[in-house]
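The values are calculated or read from the model by the stated rules, or taken from the named source; none is laboratory data. Note that the structure is a prediction, hence the values are computed from the model and not measured. Glycine gets a Cβ as well: all are built from the backbone with ideal geometry, and neighbour counts include every protein chain shown.
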Amino acid sequence: MVDMSLYAAYLVAAFALCVTPGPDMMFIVAMGGRGGPATGVLAACGVACAMFVHAVAAALGLSALSLALPTLYHVLRWAGAAYLLYLAVKAFRDRAVPVEDGQDAAAGRGRAFWQGAVTNLLNPKVILFNVAFLPQFVNPELGHVPGQFLVLGATIVVMGLAVDGTIGLLSGKLSTLLRRSRRVARGLNIFSGTVFTGLAVRLVASSPK
């Protein structure tokens, strides 16, 4: 279904993209820093699921359609920035040391998954990535173009989850050790809020070109 020579080149390019620090990775680090290892990993899972949704949209041609509508692009951009600012405010206002066990912790981890998914889905730059990057590794002569898109999308999702999940786990483990001090815990919350704010500003300042 895919051109194996193109796919080999894609694996190298996709790996380089996955290990390069970017907004998703920073978001996962911040989530792990706030909630611990499980929270970081679940945030990575949310981002990965959203990435697969984007890949499906690209395969169906919906991503290119959305970019043809500048209003939709800007709506997504501002909605994503607003959501990140909402998370930033929550982090800045959180003065408690998170509880690692119990229903509250389980609920918080579930929220981390959805927060990761929503943040990625509302980022129009991810749509641009799928429209500009994936087609370079699709060979129309082989046919099954949507299928090729899905294979490429699934590949980068799995690769990204492996990298981001590890990052979320490690940042969460480090934060768990540091949060034994309430003062350090507060500092981690401020760090997370600052990261979310920076990502929101970056998204607002972005353009479709």
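Observations on the structure shown:
- Looking across T166, T197, one residue alone is hydroxyl-bearing (S, T, Y), closer than 30 Å to A64 by Cα and either out of contact with any strand residue (DSSP E or B) (no Cβ under 9 Å at 6 or more places or on another chain) or part of a helix (DSSP H, G or I) (or both). It is T197.
- Among the conditions (1) buried (at least 18 other Cβ atoms within 10 Å of the Cβ); (2) out of contact with any Phe, Trp or Tyr (no Cβ under 6 Å at 6 or more places or on another chain); (3) under 25 Å from L122 (Cβ atoms), A185 misses just one, which is (3).
- When segment 126-154 is limited to residues that are β-branched (V, I, T) and within 28 Å of A81 (Cα to Cα), the one that is surrounded by the fewest Cβ atoms within 10 Å (Cβ to Cβ) turns out to be V131.
- Top-ranked residue of segment 175-187 - restricted to ones that are without any contact (Cβ under 8 Å) to a residue 24 or more places away in the chain and aliphatic (A, V, I, L, M), ranked as farthest from V47 (Cα to Cα): V184
- Tally of residues being out of contact with any helix residue (DSSP H, G or I) (no Cβ under 7 Å at 6 or more places or on another chain) and in contact (Cβ under 8 Å) with a residue 24 or more places away in the chain across segment 163-173: 1
- Criterion: in a helix (DSSP H, G or I), of a type outside the set (K, R), more than 27 Å from K90 (Cα to Cα) and modelled with pLDDT under 90 - qualifying residue of N189, N130: N130
- In segment 100-124, the residues that are of a type in the set (D, E, K, R) and in a helix (DSSP H, G or I) reach residues that are at pLDDT 85 or above and surrounded by 20 or more Cβ atoms within 10 Å (Cβ to Cβ) with C-beta atoms within less than 6 angstrom, at least six apart or across chains, in these pairs: R109/T39; R109/L42.
- Considered as a group, the residues in segment 160-175 that are of a type in the set (V, I, T) and under 10 Å from M25 (Cβ atoms) include one that is surrounded by the most Cβ atoms within 10 Å (Cβ to Cβ), and that residue is I167.
- In segment 192-209, the residues that are at pLDDT 85 or above, among the hydroxyl-bearing types (S, T, Y) and surrounded by 15 or more Cβ atoms within 10 Å (Cβ to Cβ): T197
- Matching entry among F149, F129 (being under 29 Å from A8 (Cβ atoms) and over 14 Å from the mean Cα position of the chain (by Cα)): F149
- Within segment 59-77, tally of residues that are under 17 Å from the mean Cα position of the chain (by Cα) and of a type in the set (A, V, I, L, M, F, W, C): 1
- Considering V99, V75, the condition of being out of contact with any Ser or Thr (no Cβ under 7 Å at 6 or more places or on another chain), at pLDDT 70 or above and exposed (fewer than 15 other Cβ atoms within 10 Å of the Cβ) is satisfied by V75 alone.
- Odd one out for P21, checked against (1) at positive phi; (2) without any contact (Cβ under 8 Å) to a residue 40 or more places away in the chain: (1)
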